[in-house]
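Right, one structure below, let's go through it.
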Amino acid sequence: MPDESADDRAPEPPAPGRGARRRGGRRAWRIAAWTAAGLILLGGSGLGYLYLRLNGNITGIDINAVLGTDRPRDRDDGSMDVLLLGSDSRSGANAAYGRPDGPGRSDTAMVLHVNRGHRAATVVSIPRDTLVDRPACADGRGGTVPAAAEQMFNTAYEAGGPSCAVKTVEAMSGLRMDHYLEVDFTGFTRLVDTLGGVPVTLARAIDDPRSHLRLAAGTHTLDGEQALGLVRTRHGVGDGSDLGRIQLQQAFLKALVEKVDGIGLLSDPAKLFEVADAATSALTTDSDLASVTKLAGFAGGLKDIGAGDVSPVTLPVAYDPADPNRVLPLERQGAAVWSALKADRPVPAWATEGTATGDAGRVLTGP
């Protein structure tokens, strides 16, 4: 769920009624797990060809082999850290969204930390405009990308692909990524369309010709193209920065989960397969997740986590005085975020206070 232009270079006491939302969120995670398990059963029935098709949809990358042993220690305490990327590849079907000869980029990046009991999670969004020191890394094609100082975060994927993005996140955080999941443009739009659209409510209108999105204030059911425009827009909301876009993305992902929860996939096998086909076609994973069976195990590990159990956080940053289109990580606060994840604790509230936000947090108010 990347940028629209190739040229653009914390917990509280439960509120009344929150328990119902938590139960609804848990149902959504269980549906994901049961869906994957149901697809596995296809392999043992007369529908084995459907299982093989879904397996064939998934692209796998052996990131562990590319990165080798020079990585943070695997804590092996039952917790799990996953790098989630939105791909800005400009090749194949994605060429409709940018320059077909341009390199892939990852303008949406999130670290998902699942606690050791697998009953709560923290999602840390990394702004693509964050200036970081990119480490030297293997590019997955037999070459090496040299280290470079003060580079935009998203250049790691652009320069060296998924393995370099993982290497950069591990260098920033000190956390070893257990898994890697990437979703591309066309896969995202197809999934939303397959779900029949996703309802959202806007507090005010959005008019952004760069992302081809024009929506009046009020409630809309977004199709795939509109949803992509929403999660890509930045000039039409808040202060026009990538931080505002992150706020929209976090809100839309919640609406997407609620949509999946409400459509009754388990009672409609044809719809179940259609959604699974769209979802797996959108995915590139590390080789340890690159099959329906392995994805089922991964989803099963998340079944007890509801929407109310997920804490979204944006990496603490400040606008760069030398360039308002770039942001600088706040070292003390950022270290507190990564340390909390490493210790399997909630991120302290003070770590995200007073950081740049993008001012788009109240644009999307709900379904």
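The values are calculated or read from the model by the stated rules, or taken from the named source; none is laboratory data. Note that this is a predicted model, so its numbers are computed, not measured. Heads up, the Cβs are rebuilt from the backbone with ideal geometry, glycines too, and the neighbour counts pull from every protein chain shown. Note: areas computed on protein heavy atoms with side chains; ligands, DNA, RNA excluded. Shrake-Rupley method; radii C 1.70, N 1.55, O 1.52, S 1.80 Å.
Remarks
- The residue list VAL237, VAL200 contains one member that is in a strand (DSSP E or B) and open to solvent by less than 30 Å² (accessible area, probe 1.4 Å), which is VAL200.
- Filter result for the condition that a residue is of a type in the set (Val, Ile, Thr), modelled with pLDDT under 95 and either touching a His at 6+ places or on another chain (Cβ under 6 Å) or over 30 Å from PRO348 (Cα atoms) (or both), over THR144, THR155, THR108: THR144
- Checking each residue in the range 144-163 for being out of contact with any Gly (no Cβ under 8 Å at 6 or more places or on another chain) and either assigned to a strand (DSSP E or B) or crowded, with 24+ Cβ neighbours inside 10 Å (or both) picks out THR144, ALA148, ALA149, GLU150, GLN151, MET152, PHE153, ASN154, ALA156.
- Taken together, the residues in the range 211-224 that are buried (at least 16 other Cβ atoms within 10 Å of the Cβ) and over 18 Å from ILE263 (Cβ atoms) amount to 3.
- When residues in the range 164-197 are screened for being in a helix (DSSP H, G or I), over 16 Å from the mean Cα position of the chain (by Cα) and under 30 Å from VAL132 (Cβ atoms), 7 of them pass.
- Test: residue in the range 202-211 that is modelled with pLDDT of 85 or more and in contact with a helix residue (DSSP H, G or I) (Cβ under 6 Å, 6 or more places away or on another chain): no
- When residues of the range 289-348 are limited to those that are of a type in the set (Ser, Thr, Tyr) and closer than 26 Å to ILE58 by Cα, the one modelled with the highest pLDDT: SER291
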